[in-house]
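Participant: Let me begin by handing over the structure; questions about it come next.
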Amino acid sequence: MRYFFHIAFVGSNYSGWQKLPGIVSIQQTLEDALTSILKTPVAIVGCGRTDAQVHASQYFFHADIESPWDYDLLYRINKRLPSDIALFDIIPMEGLPHARFDGTQRQYDYFFHTYKDPFLAGFSSCYLLKNLDVDSMSQAVAIFPNYNDYFALCKSPTQNEHTICHVSKTSLFMNKAGDRFHFQISSNRFLRGMIRIIIAKLLEIGEGKLSVKQFEQLLIEKKAAENIKLAMPQGLYLSKITYPYLDIPMRTDFVSSRLGIDGNFAW
């Protein structure tokens with residue numbers, strides 16, 4: 001029978017979701033836990049790949065488990081997992097739904113701050129920048145839903161069958177002090193490195209190194225950007241996955257409470 005597993009993780013100690021030889025991954029850690037408890041090899045399929053040190057406040061993977069269990073599997077898995085990975089739900093599914101391919105909407109959040117704060121380290125990216133042009137950054141953020149080809153904002157666009165993404169919502173929030181920022185984007189899919197490239201471009205706009213018009217021209221021309229830069233990974237969270245048959249709220253509000261983003265203030 002196929003099951004969906006609803007989890008969250010802090011990615012600071014991992015080289016990303018995908019298991020690869022010689023690295024510590026979220027996928028391998030979960031497969032080892034399931035295999036150890038169920039006493040049979042268990043392969044899992046995640047809803048998407050995350051880079052090294054990227055977090056997920058909501059993530060789903062599926063696994064096919066033939067034999068039923070007569071104990072509290074959720075409790076045992078959580079006891080076996082390290083403290084930076086949490087399992088919230090084990091959901092039996094009808095048929096063979098796919099955790100990755102069936103997702104219709106994904107939301108990412110990126111947090112960054114402009115002063116050094118040891119209590120934000122690892123959860124928000126630090127950029128020691130002053131006097132960012134937030135109005136221009138917000139104008140650029142508002143552009144995204146007007147376009148659907150993000151060829152210019154992909155780390156390796158030619159490796160994709162296409163670079164079409166249907167972005168439905170983008171927002172940029174700032175706290176009252178003007179030193180903590182929260183970028184949010186929702187789309188049906190995302191390309192490799194897309195969000196971290198977007199943040200890097202927004203910071204260039206904020207510093208006056210790139211105009212909003214020049215940024216929009218990248219989307220219009222659909223050309224690979226030269227000298228692609230990626231923002232730091234620490235502030236990036238996969239925060240919401242929606243399926244036609246499954247739409248579960250996030251089980252943790254740690255992100256908003258920890259970083260001072262309560263939704264009551266915007267730029």
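The values are calculated or read from the model by the stated rules, or taken from the named source; none is laboratory data. Since the structure is predicted, the reported quantities are computational estimates derived from the model, not experimental observations. All Cβ positions, even for glycine, are placed from backbone atoms using ideal geometry, and neighbour counts span all protein chains on display.
Participant: Identify, from the list PHE190, PHE144, PHE173, PHE183, the residue that is under 22 Å from the mean Cα position of the chain (by Cα) and assigned to a loop (DSSP other than H, G, I, E, B).
Facilitator: PHE190
Participant: Looking at region 54-81, which of its residues are touching a helix residue (DSSP H, G or I) at 6+ places or on another chain (Cβ under 7 Å), surrounded by fewer than 19 Cβ atoms within 10 Å (Cβ to Cβ) and of a type outside the set (A, V, I, L, M, F, W, C)?
Facilitator: ARG76, ARG80, listed by residue number.
Participant: Right, here's the next one. If LYS223 meets every condition in (1) in contact with a helix residue (DSSP H, G or I) (Cβ under 8 Å, 6 or more places away or on another chain); (2) at pLDDT below 95; (3) crowded, with 16+ Cβ neighbours inside 10 Å apart from one, which number is that one?
Facilitator: (3)
Participant: Test SER171 against the criterion of being without any contact (Cβ under 8 Å) to a residue 60 or more places away in the chain and among the hydroxyl-bearing types (Ser, Thr, Tyr), and give yes or no.
Facilitator: For SER171, the condition - without any contact (Cβ under 8 Å) to a residue 60 or more places away in the chain and among the hydroxyl-bearing types (Ser, Thr, Tyr) - is not met.
Participant: A follow-up question, please. Could you say which residue among THR170, THR158 is β-branched (Val, Ile, Thr) and surrounded by 14 or more Cβ atoms within 10 Å (Cβ to Cβ)?
Facilitator: After ruling out the rest, the residue left standing is THR170.
Participant: So, one more: Do you know which residues across region 25-46 are surrounded by 14 or more Cβ atoms within 10 Å (Cβ to Cβ) and either assigned to a loop (DSSP other than H, G, I, E, B) or modelled with pLDDT under 95 (or both)?
Facilitator: Hits for region 25-46 are SER25, VAL42.
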